[in-house]
Amino acid sequence: MAVQDIMPTWVGATAKQIARGVRRGDVSATQVVADHLDHISRADADLAAFRTVRGGEAITEAEKVDEQEDLANLPLAGVPVAVKENTPVAGLPTWNGSAAVRTPVAEADHEVVRRLRGAGAVILGVTRMPELGLWALTDDDSGVTRNPWDTGRTPGGSSGGAAAAVAAGLVPMAHGNDGLGSIRIPAACCGLIGLKPGRGVVPCQLGAEDWFGLTEHGMLTTTVADAAVGFSVLAGRRPEKLVPPQRLRVGVSLRSPVRGVSPDAPNRDAVATAGRLLAAAGHDTVPADPVYPTRLGLQGIATWFAAAAADVQAAGIDRRSLQRRSRRHVALGEWAQRRGYVREADRVAWRERSIGFFTDHSVDLLLTPALAGRPPEAASWSNRSWRANMAANIRYAPYAAPWNIAGLPSIVVPVGRRPDGLPVAVQLVGPPGSELLLLGVAGQFEMAAPWPRHAPGYPRVGTGSPAIA
């Protein structure tokens, strides 16, 4: 088929390309949204990334963007965005991962949704997550969310639907949130950029207590530039141009936070690749292992349990209505609360120790694997035992959680492919306030070793768009 015979589409363009095209009149927000809704209707049946698609409502919102007289100050003008289903979107129920924990139709947007709309974004719908956001595996009784890189594998979790949607080009960027790795783990599974901001940079306001302060909102994107503009919007800042960092000293560690769990060869190789990219960019790398105390792992797991219990108690949910893996998790959370195993003093101590790591080792950033193994199979994990779910989560994704407990910013960046074809990524961690530095280093990786922006075979549309021609 000749290129001129392909129907032009803006599916596959970056968020920045779309916003620029809408602002200068190359395309209407309405056309961009219609293109993406059409793509979702064709592709999402295989992926189950979306819980709800806002077809007509999204078109109406796009028309309102087109009617605005001043588009120049909208950094996301006409950009289709998906929101994770645990974050209130006016006019939709807040599902929280299953019908058992769904809350009524929200009367108002969450603050981060309000900021996205204020920047000109159009909300196409809400993406799937596991029940209560507890697992790095996304499924429930109504569907199994699949990784576009290999539909036999999970896209991770808990922002699994968001990652699948972006990796397949259903939207150019998607909102997620991260309590113990729930942005970074799916980003690693699906070959995306996933930034978890530091504590307090973006308003959280989720559940009972924001998972005891562990949870942060962020965006999943295919490019560093999109990640930077998404971060600025959520943080309520004006977008800043990323500047390549001057010479840095980066600590490198393969040490696992979980005793007995080690990174496999592709993840070890990913760290070596990232080290070479850092050296080529003029940075210094040195071995520097964080000391993960045994109590950190126990306290982190106890907090994971207790966060689920607190959310269920605050929402008045009947525990008997939950999936069996969640029932066990909540029961253990209630037990941990009674025994006093969830203590703010422990989290403060680890935060201070983590901040001290950078000065003690005279390093600016820390480089670690993003995952320890390949993503588990895409399956009905919600029907499997709590023990099976725990084992799967801990074995493949131990590296993210410590930095939620510490409240430090961290980012996952793709650096290549595993032998089985799935993406492989690394994690960079920084001290408080280092979000732009992390993005700057990620940008150097992207310039030196660009990654495929979408999974093979996606987007499943023509490529005649003026944005990507």
Seminar exercise, completed: If we take segment 1-100, then helices (runs of 4 or more DSSP H) inside it with 2 or more residues that are in contact (Cβ under 8 Å) with a residue 40 or more places away in the chain, over 19 Å from the mean Cα position of the chain (by Cα) and within 30 Å of GLN323 (Cβ to Cβ) are 29-47
For this session: Working only within segment 242-251, note down all residues that are of a type outside the set (D, E, K, R), over 23 Å from the mean Cα position of the chain (by Cα) and either under 21 Å from ILE405 (Cα atoms) or in a loop (DSSP other than H, G, I, E, B) (or both).
Result: VAL243, PRO244, PRO245, GLN246, LEU248, GLY251
Problem set entry | Inter-residue pairs, beta-carbon under 6 Å, first in a strand (DSSP E or B) and in segment 177-202, second aromatic (Phe, Trp, Tyr), 6+ apart | LEU195/PHE231
Problem set entry | Filter pass, VAL65 being closer than 16 Å to VAL166 by Cβ and modelled with pLDDT of 95 or more | no
For this session: Would you check if there is a residue in segment 50-58 being at pLDDT 95 or above and farther than 20 Å from ALA168 by Cα?
Result: yes
Seminar exercise, completed: Inside segment 427-469, the number of residues satisfying the requirement of being modelled with pLDDT under 95 and either of a type in the set (Lys, Arg) or under 27 Å from PRO244 (Cα atoms) (or both) is 3
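Yes/no per residue for (1) within 24 Å of ASP38 (Cα to Cα); (2) surrounded by fewer than 24 Cβ atoms within 10 Å (Cβ to Cβ); (3) touching an Asp or Glu at 6+ places or on another chain (Cβ under 8 Å):
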site	(1), (2), (3)
PRO148	yes, no, no
GLY161	yes, no, yes
LEU170	yes, no, yes
HIS175	yes, no, no
SER182	no, no, no
CYS189	no, no, no
LYS196	no, no, yes
Exercise. Filtering segment 339-377 down to residues that are at pLDDT 95 or above and among the basic types (Lys, Arg), which residue is nearest to the chain's Cα centre (by Cα)?
Worked result: ARG374
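So that you can scan it fast, the table gives a plain yes or no per residue for (1) open to solvent by less than 10 Å² (accessible area, probe 1.4 Å); (2) within 27 Å of VAL286 (Cβ to Cβ); (3) of a type outside the set (Val, Ile, Thr); (4) without any contact (Cβ under 8 Å) to a residue 40 or more places away in the chain:
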position	(1), (2), (3), (4)
THR368	yes, yes, no, no
PRO375	yes, no, yes, no
TRP386	no, no, yes, no
ALA391	no, no, yes, yes
VAL413	yes, yes, no, no
PRO419	no, no, yes, no
VAL426	yes, yes, no, no
GLY433	no, yes, yes, no
ALA448	no, yes, yes, no
Problem set entry | Filter pass, TRP135 being surrounded by 24 or more Cβ atoms within 10 Å (Cβ to Cβ), out of contact with any Leu (no Cβ under 6 Å at 6 or more places or on another chain) and of a type in the set (Phe, Trp, Tyr) | yes
Problem set entry | Test result for SER326, under 30 Å from PRO104 (Cβ atoms) and either hydroxyl-bearing (Ser, Thr, Tyr) or touching a His at 6+ places or on another chain (Cβ under 6 Å) (or both) | yes
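Quick grid of which residues meet (1) touching a residue at least 60 places away in the same chain (Cβ under 8 Å); (2) within 25 Å of GLN205 (Cα to Cα); (3) open to solvent by 60 Å² or more (accessible area, probe 1.4 Å):
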position	(1), (2), (3)
ALA302	no, yes, no
ALA309	no, yes, no
VAL312	yes, yes, no
GLY333	no, yes, no
GLN337	no, yes, yes
For this session: Scan segment 285-296 and give yes if some residue there is assigned to a helix (DSSP H, G or I) and crowded, with 21+ Cβ neighbours inside 10 Å, otherwise no.
Result: yes
Problem set entry | Among (1) under 23 Å from GLU377 (Cα atoms); (2) without any contact (Cβ under 8 Å) to a residue 60 or more places away in the chain, the one test that ASP210 misses | (1)
Exercise. Any residue in segment 117-133 that is more than 27 Å from ASN389 (Cβ to Cβ) and in a helix (DSSP H, G or I)?
Worked result: yes
Seminar exercise, completed: For GLN205, the lone unmet condition from (1) over 24 Å from the mean Cα position of the chain (by Cα); (2) of a type in the set (S, T, N, Q); (3) in a loop (DSSP other than H, G, I, E, B) is (1)
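The values are calculated or read from the model by the stated rules, or taken from the named source; none is laboratory data. These numbers come from a predicted model, not from an experiment. When we count neighbours, we look across all protein chains shown, and the Cβ atoms used for this are built from the backbone with ideal geometry, even at glycine. Each accessible area value is taken on the protein alone, full model and side chains, heavy atoms only, with ligands, DNA and RNA left out. Shrake-Rupley method; radii C 1.70, N 1.55, O 1.52, S 1.80 Å.
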